[in-house]
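The values are calculated or read from the model by the stated rules, or taken from the named source; none is laboratory data. Quick caveat: nothing in here was measured; it's all calculated off a predicted structure. Using ideal geometry, Cβ is built from the backbone for each residue, glycine included, and neighbour counts are taken over all protein chains shown.
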Amino acid sequence: MANLVVIGGQWGDEGKGKVVDLLSPAFSYAARFNGGNNAGHTVRFADLHFALHLVPSGITNASCKCVMGPGMVIDPVALRTEVDGLEDRGVAVRSRLTVSSRAHLILPAHRALDAAREGSKGDARIGTTGRGIGPAYETRAMRIGVRFGLTRNPRRFREAVAALNTEVDRLLTLYPDAPAPTTEQVEEAIDAALSLSPLVGDTSRLLQDAIDADRHILFEGAQGTFLDVDHGTYPFVTSSGCLAGYAAPSSGLPARVVDGVLAVLKAYTTRVGGGPFPTELTDATGEHLRSRGNEIGTTTGRSRRTGWFDGVAARDAVRWNGVDGIALTKLDVLDELATIKVATAYRLDGETLDHVPDDDLEVAELVPVYEELPGWQEETSGITAFDKLPARAQEFVARIEALLGVPAVMISTGPRREETILRREPPFSRWFPSE
Ligand code: IMP
């Protein structure tokens, strides 16, 4: 077996799309297992630029088939738009994509509830992407959700949508100012879902059969470790499990099918939306990271908050996910800085902490203990060999490896597929494209 999980080790937006795109030639399937169109994965190759929200990033590789698993929540209008958009640009999707019959639909009612809740919270709002993600997972847990498989029976499907709308309408009465979805919006969603019905299948069986035939699966995590509903900075989190451990069960597979975990981490940190962020920079350096790193959300167009690399949080991410190696992205964004800081511990009420506390108010009070490293102040954009990096950039990478106890097997020096350093260490060498 040679199945790999790629997850985000921070607060999302680490560059997973590029990493999956680069690795996908070694895999027969790319499978997403959590979240929905709150994700935004950017992939660039040749002259093309893809922003994917639902379809796995492996779709850019013609030999890779794609699966959207049972752990996902899927907005049918958004999916149809994305599928049609990719096909218009020459990417074959309908022949290569299977959507789990067990995945839940996001309907206009979910988006209305998401907006109503956020609107009522004022400054305490989570800063969700507004895509109805939380309410869709809520109705799944309430056992009133609508699963994609029902589209195979349009009459039952319509009844389930109507029943769900009745329940959500009741919840919406708690927010008298919130606009309810229009009939046109509901009909558009029904129409989109029914039109996607030919893509629906038993993805668990599909992936198990592939594994039995010795084919390799790349599990593609969305969001990031600190947005995980249990281990993230709760309640400022998304509503799904983002850790590598979810990949197998959220795909309907036994845990033992996973052979390796690659965490993607930026060489600094970003966060979009509300919630505590210990190493956040609100000064000119933070602004520099934002502009040089083009830190604008792919999904919502919001500016991302920026900060130094948080070695404490990253170490927790390595432990929780069972990380074997990291992909360190956007190293080139640090090129101009004279000094680079890395958090190695936190201080809280006179105590030193080596982990992220479970209480968001405590996380908000943390004072990072920084180690200062000299910047390299040389251009690294596009460098593809580790020994071609300036010595100080090599030292920065080595320091992160030492802090986390795992190797940086991939280092990204630009947005394009080619702008990557691959360090061919086992077990990752077997998944890397040939030289
Ligand atoms: P939701 O997932 O839309 O409910 O949003 C919950 C929190 O997760 C908000 O802070 C969002 O900004 C954040 N979030 C959700 N998806 C992503 C992502 O793909 N990248 C970065 N942040 C995300």
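Only one of Thr352, Thr344, Thr339 is surrounded by 15 or more Cβ atoms within 10 Å (Cβ to Cβ), among the polar types (S, T, N, Q) and modelled with pLDDT of 95 or more; which?
Thr344
From the set of residues in segment 253-267 that are outside any loop (DSSP other than H, G, I, E, B), surrounded by fewer than 23 Cβ atoms within 10 Å (Cβ to Cβ) and not hydrophobic (A, V, I, L, M, F, W, C), which is farthest from the ligand (Cβ to nearest atom)?
Looking at residues that are outside any loop (DSSP other than H, G, I, E, B), surrounded by fewer than 23 Cβ atoms within 10 Å (Cβ to Cβ) and not hydrophobic (A, V, I, L, M, F, W, C), I get Arg256.
Report whether or not Gly127 is within 15 Å of the ligand (Cβ to nearest atom), of a type outside the set (Val, Ile, Thr) and assigned to a loop (DSSP other than H, G, I, E, B).
Criteria met by Gly127.
How about segment 1-82: which strands (runs of 3 or more DSSP E) wholly inside it have at least 3 residues that are modelled with pLDDT of 95 or more and touching a helix residue (DSSP H, G or I) at 6+ places or on another chain (Cβ under 9 Å)?
Output list reads 4-8, 29-32, 65-68.
For (1) of a type in the set (S, T, N, Q); (2) more than 15 Å from the ligand (Cβ to nearest atom); (3) under 10 Å from the mean Cα position of the chain (by Cα); (4) under 25 Å from Thr384 (Cβ atoms), each residue gets a yes or a no:
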| site | (1), (2), (3), (4) |
| --- | --- |
| Leu4 | no, yes, no, yes |
| Lys16 | no, no, yes, yes |
| Val20 | no, no, no, yes |
| Leu54 | no, no, no, no |
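Which strands (runs of 3 or more DSSP E) does segment 268-333 wholly contain that include 1 or more residues that are over 17 Å from the mean Cα position of the chain (by Cα) and within 16 Å of the ligand (Cβ to nearest atom)?
Because the criterion is at least 1 residues that are over 17 Å from the mean Cα position of the chain (by Cα) and within 16 Å of the ligand (Cβ to nearest atom), the strands (runs of 3 or more DSSP E) in segment 268-333 that meet it are 305-307.
Residue by residue, here is whether (1) touching a His at 6+ places or on another chain (Cβ under 9 Å); (2) closer than 27 Å to Ala393 by Cβ; (3) of a type outside the set (Val, Ile, Thr) holds:
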| position | (1), (2), (3) |
| --- | --- |
| Val264 | no, yes, no |
| Tyr268 | no, yes, yes |
| Thr299 | yes, no, no |
| Ser303 | no, yes, yes |
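From the residues in segment 237-252 that are farther than 13 Å from Val5 by Cα and in contact with a Leu (Cβ under 8 Å, 6 or more places away or on another chain), which one is nearest to the ligand (Cβ to nearest atom)?
Checked segment 237-252; the qualifying residue nearest to the ligand (Cβ to nearest atom) is Thr238.
Is there a residue in segment 223-246 that is of a type in the set (Asp, Glu), crowded, with 19+ Cβ neighbours inside 10 Å, within 21 Å of Ile133 (Cα to Cα) and out of contact with any helix residue (DSSP H, G or I) (no Cβ under 6 Å at 6 or more places or on another chain)?
yes
So if I check each of Asp214, Asp169, Asp209, which one is touching a Lys or Arg at 6+ places or on another chain (Cβ under 9 Å) and acidic (Asp, Glu)?
That would be Asp209, the only listed residue that is touching a Lys or Arg at 6+ places or on another chain (Cβ under 9 Å) and acidic (Asp, Glu).
Here's the yes/no breakdown for (1) within 19 Å of Val83 (Cα to Cα); (2) surrounded by 19 or more Cβ atoms within 10 Å (Cβ to Cβ):
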position: Leu97; (1), (2): yes, yes
position: Arg111; (1), (2): no, yes
position: Lys121; (1), (2): no, no
position: Tyr137; (1), (2): no, yes
position: Met142; (1), (2): no, no
position: Leu150; (1), (2): no, yes
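Are there any pairs, at least 6 apart or on different chains, whose C-beta atoms fall under 7 Å, with the first in segment 22-43 and farther than 19 Å from Val83 by Cβ and the second of a type in the set (Val, Ile, Thr), and if so, which?
Leu22/Thr420; Phe27/Ile217
For segment 357-396, name all the residues that are out of contact with any Ser or Thr (no Cβ under 8 Å at 6 or more places or on another chain) and small (Gly, Ala, Ser).
Ala364, Ala385, Ala391 - these are the residues of segment 357-396 that are out of contact with any Ser or Thr (no Cβ under 8 Å at 6 or more places or on another chain) and small (Gly, Ala, Ser).
From the list Ala247, Ala193, Ala163, Ala213, which residue is without any contact (Cβ under 8 Å) to a residue 12 or more places away in the chain and of a type in the set (A, V, I, L, M, F, W, C)?
From the options Ala247, Ala193, Ala163, Ala213, the qualifying one is Ala213.
Looking at Phe148, Phe157, can you tell me which residue is away from the ligand (no atom under 16 Å from the Cβ) and touching a residue at least 60 places away in the same chain (Cβ under 8 Å)?
After applying the criteria, what remains is Phe148.
Evaluate segment 216-237: report whether one residue or more is over 27 Å from Asp360 (Cβ atoms), without any contact (Cβ under 8 Å) to a residue 24 or more places away in the chain and outside any helix (DSSP H, G or I).
No: zero hits.
Here is a yes/no grid of residues against (1) in a strand (DSSP E or B); (2) polar (S, T, N, Q); (3) under 24 Å from Arg292 (Cα atoms):
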residue	(1), (2), (3)
Thr380	no, yes, yes
Thr384	no, yes, yes
Phe396	no, no, yes
Arg399	no, no, yes
Ala402	no, no, no
Met410	yes, no, yes
Gly414	no, no, yes
